[in-house]
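Since the structure comes first, as structure tokens, the remarks are kept for the end.
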Amino acid sequence: MQLLHYNNLFCWFWYIVIPCLGLQYLLLQVLWHTTRKTPAKIPAGNRGIPFIGETIHFMAAINSNKGFYDFIKIRRLKYGNCFKTNIFGQTHVFISSTEAAKKILRNETGNFTKRYIKSIAELVGDQSLLCASHHQHKLIRSHLSALFSRASLSSMVKQFDELTVNNLSTWHNKSSIIILHEALKITLEAICKMLMTLEEKKELEMLHKDVGLIYEAMLSFPLRLPWTRFYKGLQARKRIMILLDKIIEARRRSKEKCDDFLDHLLIKDGEKSIEEETQLRNQQIKDNILTMIIAGQDTTASAITWMIKYLDENPEALNQLRGEQQALQQKVSRKAHLTFEDLNCMPYASKVVKESLRMASIVPWFPRMALQDCQIEGFTIKKGWNINVDAKSIHFDQMIFQDPYKLIPSRFDDDSKPYSFLAFGMGGRTCLGLHLARAMMLVFVYRLTTSYRWKLLDSDESIEKWTLFSRLKSGYPVHVTGIDEEREFPNA
């Protein structure tokens, strides 16, 4: 009887308890597998040594003849189209695909905001369009965008053409011309006249020097020591702010109207507005005037220089361009200056400008910051990380642009793939001055190709050190010969 009892217990244990335990185990396994989180796929890369990261390597690239983008290029070739690094104590992710560019720059989900490295932010000011918060950016942009109207651009084209003609008319007396230096002079004068009718030679020279110091400090290590580039840049900014304060105060007291940007931005003393809370404060105006001077002068002058270099290296494109410009010259020769409408009669030149901007990639990447954890191309981007759209890599992607290292203006006969041409960015923070920059480049190339032929004097392709926007160390020196002079003395 006792043996039978033990047999019943054994059967009960074997047929009921064991299966229940097994079922429970299986249920726990299923529950664990369905609820556990898949390990995050973090972009590959090297964060470098603690606190410093790869900052030393980045600074070394800035101080090299290859330019700071070489730092990015080396790591992209090693880790792929999405990688991370650590610069100035912050995690930076670089990504180069049109799909990622669309998601980040359109920012439909509100996951990203714009953020530059600390040195740039302090030099241009926290009220600059480059650094302002989302709300402030919308306010400032709404004021500035109205100033890039068709009427303003038409006026600017005439002003820039006049300055270009005056500058180029002195070239035949010089043994050599450095294209970058001349372009910097013309663009600075044009921008300052457009922004605040500043034409005093002494003030323009001071501004040119101080803007240069700020420009050289933008990628420097943010140390406030008297001998550092960053400190010199901050001192230059102070001098420019003093000059702008002086100009703004004089303008507020004046009863005269000036047809420039500053006059549109100011509420003069005694004037009232029903929307005063939406008006820009002095600091916002000053920070953004400085930003527009830097962007309008340096980026445009650099782009002009690269365009002349690329044309010089591609005689076929240059000849076709010159033919178009000389044909247009027959129509506009009786007018004092070019008009905005004349620029629309330059279809091939417009494609030369676009192709030059693609190849030069003056702004090599567009920085954003993740406001929350998100997924990009299957990679997890952590909240607070900087994520940079690598525009230069996209511009030279052979899957998008065939033979990308050659100037082929005709590649823009048809519309390019969305988010494959990023010279001016995309989305809500697209560069406000894109039409102005394009106009300046068209005016310059028209006047140059219808006035002169040129010969390169120095073929050094080294990149200038400590520059935010890529430009040639040599400045592209040339010797020019007037086309009219060639016609008069064909065998000279």
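The values are calculated or read from the model by the stated rules, or taken from the named source; none is laboratory data. Only a predicted model underlies this, so the values are computations on that prediction, with no experimental measurement involved. Cβ atoms come from the backbone with ideal geometry, glycine included; neighbour counts cover every protein chain shown. SASA here: full protein model, heavy atoms, side chains in, ligands and nucleic acids out. Shrake-Rupley method; radii C 1.70, N 1.55, O 1.52, S 1.80 Å.
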Next item on the list: Taking only protein heavy atoms into account and a 1.4 Å probe, give the accessible area per residue of the chain in Å².
Entry: 51 Å²
Check: Looking at the range 173-270, which chymotrypsin sites (Phe, Trp or Tyr not before Pro) are DSSP coil and have at most 13 other C-beta atoms within 10 Å of their C-beta?
Finding: W227
Next item on the list: Provide the per-residue ³J(HN,Hα) series for the range 454-465, in order, calculated from phi with Karplus coefficients 6.51, -1.76, 1.60 and θ = phi - 60°, each as a whole number of Hz, with x at glycine and proline positions.
Entry: 9, 10, 5, 9, 9, 8, 4, 9, 4, 8, 5, 6
Checklist line | Degrees separating the helix 201-217 axis from the principal Cα axis of the chain, which is the longest one | finding: 20 degrees
Next item on the list: Once you have the Cα-Cα distance between E461 and T170, take 0.36 nm times their residue separation minus that, and quote the gain in nm to one decimal.
Entry: 102.1 nm
Item checked: Nearby aspartates and glutamates by direct alpha-carbon distance to K335 (threshold 20 angstrom, same-chain neighbours under 8 apart not counted) -> D161, E162, E324, D484
Notebook entry, point to check: Counting only protein chains, not ligands or nucleic acids, how are D263, D458, D390, D126 ordered by accessible area (probe 1.4 Å), most first?
Noted result: D126, D458, D263, D390
Notebook entry, point to check: How far is helix 134-145 tilted, in degrees, relative to the longest principal axis of the Cα atoms in the chain, given as a value from 0 to 90 rounded to the nearest 10?
Noted result: 20 degrees
Notebook entry, point to check: When the accessible area of the chain is computed with all protein chains present and a 1.4 Å probe, what percentage of it is carbon and sulfur?
Noted result: 55 percent
Notebook entry, point to check: Can you give the calculated 222 nm mean residue ellipticity of the chain, where each DSSP H run of n ≥ 4 adds -39,500 (n - 2.57) and the sum is split over every residue, rounded to the nearest 500 deg cm²/dmol?
Noted result: -16000 deg cm²/dmol
Next item on the list: Convert each backbone phi in the range 413-421 into a coupling constant with the Karplus relation 6.51 cos²θ - 1.76 cosθ + 1.60 (shift: θ = phi - 60°), then list the ³J(HN,Hα) values in order as whole Hz, x for Gly and Pro.
Entry: 4, 10, 4, 7, 4, x, 6, 9, 10
Next item on the list: Apply the Karplus parameterisation 6.51 cos²θ - 1.76 cosθ + 1.60, with θ equal to phi minus 60°, to every residue of the range 382-394 and state each ³J(HN,Hα) to the nearest whole Hz, in sequence, with x for glycine and proline.
Entry: 7, 4, x, 6, 7, 10, 10, 7, 7, 5, 5, 5, 5
Note to self: Heavy atoms of the protein only, probe of 1.4 Å, neighbouring chains included. What is the accessible area of R322 in Å², nearest 10?
What the structure shows: 20 Å²
Notebook entry, point to check: Given the pairs K185/K354; K78/K417; K138/K232, which are separated by over 29 angstrom at their Cα positions?
Noted result: K138/K232
Next item on the list: For the chain, calculate the relative contact order in percent as a whole number, restricting contacts to Cα pairs under 8 Å that are 6 or more residues apart.
Entry: 23 percent
Check: On a 0 to 90 degree scale, rounded to 10, what angle separates helix 347-360 from the longest Cα axis of the chain?
Finding: 50 degrees
Next item on the list: For each pair in K102/K406; K202/K255; K202/K246; K193/K455; K193/K257; K102/K382, compute the distance between the two Cα atoms and list the pairs where it is over 23 Å.
Entry: K102/K406; K202/K255; K193/K455
Notebook entry, point to check: What length, rounded to one decimal in nm, is gained on full extension from R239 through to C431, with 0.36 nm per residue of separation minus their alpha-carbon distance?
Noted result: 66.5 nm
Note to self: Students often get this wrong, so try it: which of (1) 43, 27, 24; (2) 41, 23, 22; (3) 54, 29, 22 is semi-axes √(5λ) of the Cα gyration tensor in Å as calculated from the structure shown?
What the structure shows: (3)
Next item on the list: With a 10 Å radius around each residue's Cβ, average the other Cβ atoms per peptide and rank 51-61, 80-90, 177-187, highest first.
Entry: 177-187, 80-90, 51-61
Next item on the list: Please list the non-local residues whose amide H lies under 5 Å from the amide H of H337, H modeled 1.01 Å from N, same-chain partners needing a gap of 5 or more.
Entry: none
